[in-house]
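Heads up: the structure comes next, in structure tokens.
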Amino acid sequence: MPDHLPAFDELYVISDLRMGGEPGFQILKQTGRLAGFVRHLADLPAARRVALVLNGDIIDTLAEARVKGCVAMLDAVDVVGAIVERAAFKPVWDALAAFVQTDNRQLVLVIGNHDIELALPAVQRMLAARLVGSKPAARAQLEFSTTGGGYPCTVGGARVFCTHGNETDTWNFNSYEDLARLGRRVELGQPLDDWHPNAGTRLVKEVMN
């Protein structure tokens, strides 16, 4: 068993929360129950090492009317920040913050195909500040997995691999090398004119919505 993998006593994995959209155009509706569940995980016995993996499509910028193209890039921090603080979703992020700031807890945010803005360093900094709050030591209990490698770990000695799954779908595959380059260009203020969303993203934004 690889000894470099993080080891946990308990692991909880949730996929496709898709927090986004204004009232009437939101997929996630049971936010109170979700926030309560996350707080329950924070309250588990303190000696147990517990991980919560949000396994892709955590937010859904494709549901945001203010995003005129297929992806929010230059204003990604504002778009994601507005989703996080929206009344419908804020209780969930408050609960996630409480989870991250609890000893022996680990929160992992895995990128999907509806939330590729999570690959941007500025978005990660904003979310980290929101979740860590006044406890900078808690930053070690927050991890971003945005390179397409998923999240491997061990639970009770057994190896587990968490992945969103879009990596095997030709319509929804993210070019993670392009995303890394895009992140660098956003940081440096360089043009983004060679960025092209995948077919699944265009289908959702241009047809399904």
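The values are calculated or read from the model by the stated rules, or taken from the named source; none is laboratory data. Being a predicted model, the structure only gives us computed values, none of them experimental. Using ideal geometry, Cβ is built from the backbone for each residue, glycine included, and neighbour counts are taken over all protein chains shown. Note: accessible area is taken over every heavy atom of the protein model, side chains too, but ligands, DNA and RNA are not part of it. Shrake-Rupley method; radii C 1.70, N 1.55, O 1.52, S 1.80 Å.
Observations
- Taking each residue of the stretch 143-171 that is without any contact (Cβ under 8 Å) to a residue 24 or more places away in the chain and looking for partners that are hydroxyl-bearing (Ser, Thr, Tyr) and open to solvent by less than 40 Å² (accessible area, probe 1.4 Å) with beta-carbon atoms closer than 9 Å, six or more apart or interchain, yields GLY149/TYR176; PHE161/TYR151; GLU167/TYR176.
- Tally, over the stretch 14-49, of residues that are farther than 21 Å from ASP103 by Cβ and either among the β-branched types (Val, Ile, Thr) or in a strand (DSSP E or B) (or both): 4
- Subset of the stretch 50-69 (residues that are of a type in the set (Val, Ile, Thr) and assigned to a loop (DSSP other than H, G, I, E, B)): ILE58, VAL67
- Output for the stretch 165-193, where each listed residue is among the acidic types (Asp, Glu) and open to solvent by 70 Å² or more (accessible area, probe 1.4 Å): GLU177, GLU187, ASP193
- PHE37 over 19 Å from THR146 (Cα atoms), open to solvent by less than 10 Å² (accessible area, probe 1.4 Å) and either touching a residue at least 40 places away in the same chain (Cβ under 8 Å) or not polar (S, T, N, Q) (or both): no
- Residue count, the stretch 28-73 (criterion: closer than 30 Å to ASP178 by Cα and touching a strand residue (DSSP E or B) at 6+ places or on another chain (Cβ under 8 Å)): 10
- Which numbered condition PRO91 misses (of (1) within 14 Å of LEU17 (Cβ to Cβ); (2) at pLDDT below 95; (3) open to solvent by 30 Å² or more (accessible area, probe 1.4 Å); (4) not β-branched (Val, Ile, Thr)): (2)
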